[in-house]
């Protein structure tokens, strides 16, 4: 989502635990293998502004970190260096291919934007964006940023292990014909129960419903409509991937700019945190919901309407 100055926060990493330095860990559950397994293995705790759960493993491979743009050569999702050994069913295999091919392109007044699923080689760049944005919003000392980046990276690696039940989207912005493409923002989407967080923020959304969270836009690229289109790209992907079209997100009560954006996009308040959450150093939040339309075919590329969107 964002505060008055434009920091986005669609609720999923909570800051109270950072202040107490308590690290709670969560292990990815092991799913039973279905009878028919034809495809190869696919290989955090709460903060107030985002929400993530993480467990730590020394066995995770580290691919080379290279500068990447929206058009850089990519590692196929089935060859992901962060594979965990879990086998894919036919349905999961098809959904993974859909994620790999997904792209959302929009022309903005100030340039162009492409949103797609984050690739393995883009994890480090996305980690820096998320961690720096969170540290900025929490006014954390510089010494905490490295720790925060470590925690966020562990989280993003583990989120890749539940694909295609969840996905992290990244937006690449190009300012004009001569501008260079750069990472502008990111957002996370849960498609079903297997992709959901084991400890979701309150008020708790339905576990088997799509959920949007961890949205942020690079500070110098805010107020260009990027946040709006990260939201729209998330909705479009959910419409293609999910049978349930009732999507949920959180918005802190103090974040009026993102609240106005979500309201403009058709989201309505379902429930609001009890005032007692203040006793555990949590900001009160709205749980918001919207019913999406099912997409029969990809929408045509068009000019951005709400390019003046004030929260990005």
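The values are calculated or read from the model by the stated rules, or taken from the named source; none is laboratory data. The structure presented is a predicted model; accordingly, all values stated were derived computationally and were not measured. Note that we place each Cβ from the backbone using ideal geometry, even for glycine, and neighbour counts take in every protein chain shown.
Check the stretch 218-227 and report whether any residue there is in contact with a strand residue (DSSP E or B) (Cβ under 9 Å, 6 or more places away or on another chain), under 22 Å from residue 155 (Cβ atoms) and not in a strand (DSSP E or B). Checked against the condition, which is being in contact with a strand residue (DSSP E or B) (Cβ under 9 Å, 6 or more places away or on another chain), under 22 Å from residue 155 (Cβ atoms) and not in a strand (DSSP E or B), the stretch 218-227 yields at least one hit.
If you go through the stretch 77-103 and pick out every residue that is farther than 18 Å from residue 190 by Cβ, surrounded by fewer than 18 Cβ atoms within 10 Å (Cβ to Cβ), out of contact with any helix residue (DSSP H, G or I) (no Cβ under 6 Å at 6 or more places or on another chain) and modelled with pLDDT under 75, you end up with 3. For the stretch 252-263, the condition of being modelled with pLDDT of 95 or more, farther than 15 Å from residue 115 by Cα and part of a loop (DSSP other than H, G, I, E, B) holds for at least one residue. One residue alone among 197, 214 is closer than 30 Å to residue 91 by Cα and part of a loop (DSSP other than H, G, I, E, B), and that residue is 197.
It is to be established whether one or more residues within the stretch 250-271 are closer than 26 Å to residue 157 by Cβ and crowded, with 19+ Cβ neighbours inside 10 Å. Yes, the stretch 250-271 contains at least one residue that is closer than 26 Å to residue 157 by Cβ and crowded, with 19+ Cβ neighbours inside 10 Å.
Residue count for the stretch 178-191 under the criterion of being touching a strand residue (DSSP E or B) at 6+ places or on another chain (Cβ under 9 Å) and surrounded by fewer than 20 Cβ atoms within 10 Å (Cβ to Cβ): the result is 4. Residues that are touching a helix residue (DSSP H, G or I) at 6+ places or on another chain (Cβ under 6 Å) and buried (at least 24 other Cβ atoms within 10 Å of the Cβ) were ranked within the stretch 198-214; the one that is nearest to residue 251 (Cα to Cα) is 212. Residues of the stretch 220-249 that are on the phi > 0 side of the Ramachandran plot and buried (at least 24 other Cβ atoms within 10 Å of the Cβ): 225 alone.
Looking at this structure, is residue 109 surrounded by fewer than 21 Cβ atoms within 10 Å (Cβ to Cβ), at pLDDT below 95 and within 12 Å of residue 163 (Cα to Cα)? No. Taken as a whole, the structure leaves residue 293 outside the set of residues that are modelled with pLDDT under 95, part of a helix (DSSP H, G or I) and surrounded by fewer than 17 Cβ atoms within 10 Å (Cβ to Cβ). Look through the stretch 183-194, keep the residues that are touching a helix residue (DSSP H, G or I) at 6+ places or on another chain (Cβ under 8 Å) and in a strand (DSSP E or B), and return whichever of them is nearest to residue 236 (Cα to Cα). Going through the qualifying residues, I end up with 189. Evaluation of residue 150 against the conditions (1) buried (at least 18 other Cβ atoms within 10 Å of the Cβ); (2) at pLDDT 95 or above; (3) assigned to a helix (DSSP H, G or I) shows that the sole unmet condition is (1).
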